[in-house]
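Chemist: One structure, as structure tokens, below. Some questions next.
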Amino acid sequence: MEENQQPDWTIGTLYEKAWQIVKKNKVLWILGMAVASATSSGSGNINLPGEMFQQPETTQKSTEAANVLGAAASSPFQEILNATSPLFANIPPYFYIFFGLNMLFLLVYVIVLFVVYKAWADGSLLHGIELAKEGKSVSIRESSERAFGSLKSLIWLNTIPGLVFTIVILLFFGIFAFTVLKTDGIVRLITVIASAIFMIGLLVSAILLSITQIWAPRQVVIDKKPAKKAFLDAFTITLRKFWASVLLGIVNMVLSFFLIGVPVLLFFGVFIFLGFATNGNTVIFPLTIGLIAIAMFTLIIGLSVVIAAFTSFKGTVWSLAYHAIRGKYDK
Amino acid sequence: MNQDNNEKVQDKAHFFLRVLASTIDSVTLFLVMVWLLSFAAASKTLPELVYWLFVFVLVMYSPIWLIYATSFIYYFGATPGKLLSGIKIVGENGKKLSVKRILFRQTVGYLFSMLFLGLGYFAVLKDAKRQAWHDKAIGSEVIVVRPIWPIGLLALIATGTLLFFVVSSSVTNALSGPLKGEIEKFITPFVKENRENYKEDTNSPDSEEDDLPNSVYDLKQI
């Protein structure tokens with residue numbers, strides 16, 4: 001991973017310029033909130049495989065416990081199932097097909113909605129930042145209209161690389177689990193060692209992918225490149241500016257912790273202490289609960305504004321960093 | 001110039017007119033939901049109740065609502081609530097919106113306006129063009145076509161009254177019909193079993209202090 005002798009940017013300069021832009025253009029905060037909400041909504045994990053395996057285990061455990069205690073056999077779940085089955089006697093079979101199709105539609109709808117929302121929010125913010133950087137007036141209308149032009153490429157960037165990476169991880173864990181279960185002795189040991197090395201490789205790949213996913217949308221929005229080319233060029237930039245990018249990312253994370261994490265921790269710390277301290281007092285404890293509720297509401301509102309401003313600020317920092325290296329490292 | 005601007009702003013639908021239109025649409029949707037649930041409330045048996053609940057879920061969670069809203073806006077420029085309020089959605093320069101833009105407005109646009117506790121909706125109050133954030137996102141405007149908002153208000157009162165009557169009759173049916181007995185018959189074995197398990201666990205025979213309910217409807221007596 002090559003690095004240029006002279007730094008292309010200094011973090012202090014980036015932060016100063018970014019703050020001037022964000023302070024002057026409050027519309028960027030609204031777009032920043034859209035990005036933040038899209039990112040937080042999409043980051044929820046669905047632990048479906050885990051849940052599917054959990055239930056039989058719970059049933060088995062409850063049956064074993066019942067046998068140990070000498071109690072009579074069936075689990076509550078089984079009883080409920082037996083009691084409720086006759087209730088579905090009137091449901092025609094095609095209802096289940098429609099129900100399945102409905103649920104499938106809902107699932108696809110939610111996924112598509114959030115993919116499009118995230119791509120649009122990212123595009124709008126980046127275009128808004130470009131307008132602000134050029135000294136033009138930033139508006140939701142203009143930023144959004146420009147984002148429509150980049151929407152397809154941003155959707156590709158938000159889905160395909162992540163999907164491929166997820167498939168690789170799943171394949172790896174599948175092969176690993178299969179090999180460990182079906183082998184023993186020296187072969188299993190070699191498998192475990194190889195897997196550990198592969199996992200380190202996966203971790204590095206994840207970091208590279210994260211940084212690439214920062215540069216790539218800017219290639220799409222600023223340089224108007226198609227998605228695949230933008231991704232590949234962004235990957236080249238990532239390799240060549242790896243340590244500088246990682247350092248900038250770490251500084252952003254630390255700032256994020258102090259701006260968002262610390263107030264939240266302080267809040268919970270103080271109010272948990274107050275809650276315990278006044279517990280049992282019939283007059284002060286309800287007042288404390290009321291106070292905590294009001295404070296929580298205020299905190300949520302305040303944090304929303306901070307998150308909105310900080311997301312737009314971070315976006316601006318990365319965009320300014322991109323402008324500093326534009327055209328230098330993507331060949 | 002100011003007079004021109006004032007006239008142009010007056011063409012744009014005021015916040016409260018838009019609220020009236022949205023409320024009519026929402027109440028109409030609730031009416032459909034409650035109408036479906038009224039069949040469930042009038043059920044005589046539990047399997048019939050489950051059947052109607054299934055129908056309810058199938059209808060309410062189907063894509064029909066998105067298609068309904070998008071089709072109305074595409075062909076008539078407005079949902080029924082907006083039509084009754086005399087307003088319609090148009091593109092900039094009064095042009096008709098494309099299906100893609102309408103879909104975007106009704107989905108992503110509304111999500112965007114919900115940020116900051118729905119601030120995007122209230123933006124209409126202060127905006128020069130009376131645009132909400134979802135309007136700004138796709139370049140739409142909501143304009144007054146004809147000043148018939150009293151008809152919208154009457155429609156809202158009528159639908160609201162109908163909704164009230166459907167809800168009350170459904171509740172009456174549910175409480176006084178055979179369904180109540182059926183639910184009681186279904187739940188009572190579970191309550192009795194829990195009661196017996198409780199007695200076994202505590203080794204307490206029947207006693208005067210034993211006040212566990214025999215059925216779920218005895219709970220209201222406690």
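Chemist: Check A:Leu239 against each of (1) out of contact with any Lys or Arg (no Cβ under 9 Å at 6 or more places or on another chain); (2) free of Cβ contacts under 8 Å to residues at least 24 places away in the same chain and name the one condition it does not meet.
Modeler: Against the list (1) out of contact with any Lys or Arg (no Cβ under 9 Å at 6 or more places or on another chain); (2) free of Cβ contacts under 8 Å to residues at least 24 places away in the same chain, A:Leu239 comes up short only on (2).
Chemist: Across segment A:74-104, what is the number of residues that are assigned to a helix (DSSP H, G or I) and either in contact (Cβ under 8 Å) with a residue 40 or more places away in the chain or surrounded by fewer than 13 Cβ atoms within 10 Å (Cβ to Cβ) (or both)? Full working, then the answer.
Modeler: Taking segment A:74-104 as the starting set, the residues that turn out to be assigned to a helix (DSSP H, G or I) are A:76-90, A:93-104.
Adding the requirement that they be either in contact (Cβ under 8 Å) with a residue 40 or more places away in the chain or surrounded by fewer than 13 Cβ atoms within 10 Å (Cβ to Cβ) (or both) leaves A:76-77, A:80-82, A:84-86, A:89, A:93-94, A:96-97, A:100, A:103-104.
Selection size over segment A:74-104: 16.
Chemist: I'd like the full set of residues that are exposed (fewer than 11 other Cβ atoms within 10 Å of the Cβ) and modelled with pLDDT of 90 or more, limited to segment A:165-181.
Modeler: Going residue by residue through segment A:165-181, those that are exposed (fewer than 11 other Cβ atoms within 10 Å of the Cβ) are A:166-167, A:171, A:174, A:181.
Listed by number, the residues that qualify are A:Thr166, A:Ile167, A:Leu171, A:Gly174.
Chemist: Give just the number: which of (1) crowded, with 17+ Cβ neighbours inside 10 Å; (2) more than 11 Å from chain A (Cβ to nearest Cβ); (3) polar (S, T, N, Q) does B:Ser26 not satisfy?
Modeler: In the conditions (1) crowded, with 17+ Cβ neighbours inside 10 Å; (2) more than 11 Å from chain A (Cβ to nearest Cβ); (3) polar (S, T, N, Q), B:Ser26 misses (1) alone.
Chemist: Oh, and also: Taking segment B:121-141, which residues are charged (D, E, K, R) and under 24 Å from the mean Cα position of the chain (by Cα)?
Modeler: Selection gives B:Asp135 alone.
Chemist: Only one residue in B:Val142, B:Val59, B:Val124, B:Val99 is touching a residue at least 12 places away in the same chain (Cβ under 8 Å), more than 11 Å from chain A (Cβ to nearest Cβ) and surrounded by fewer than 19 Cβ atoms within 10 Å (Cβ to Cβ), so which one is that?
Modeler: One residue alone meets the criteria, B:Val99.
Chemist: To continue, here is another question. If only one of A:Ser124, A:Ser150, A:Ser144 is of a type outside the set (A, V, I, L, M, F, W, C), part of a helix (DSSP H, G or I) and without any contact (Cβ under 8 Å) to a residue 40 or more places away in the chain, which one is it?
Modeler: Just one listed residue meets the conditions, A:Ser144.
Chemist: Additional query: Looking at (1) under 18 Å from B:Ala137 (Cβ atoms); (2) of a type in the set (Phe, Trp, Tyr); (3) within 13 Å of chain A (Cβ to nearest Cβ), can you tell me which one B:Tyr74 breaks?
Modeler: (3)
Chemist: Could you tell me which numbered condition A:Ile272 fails, if it satisfies all but one of (1) surrounded by 14 or more Cβ atoms within 10 Å (Cβ to Cβ); (2) free of Cβ contacts under 8 Å to residues at least 24 places away in the same chain?
Modeler: (1)
The values are calculated or read from the model by the stated rules, or taken from the named source; none is laboratory data. A quick note: this is a predicted structure, and the numbers were derived from the prediction, not measured. Note: ideal-geometry Cβ built from the backbone for every residue, glycine included; neighbour counts use all protein chains shown.
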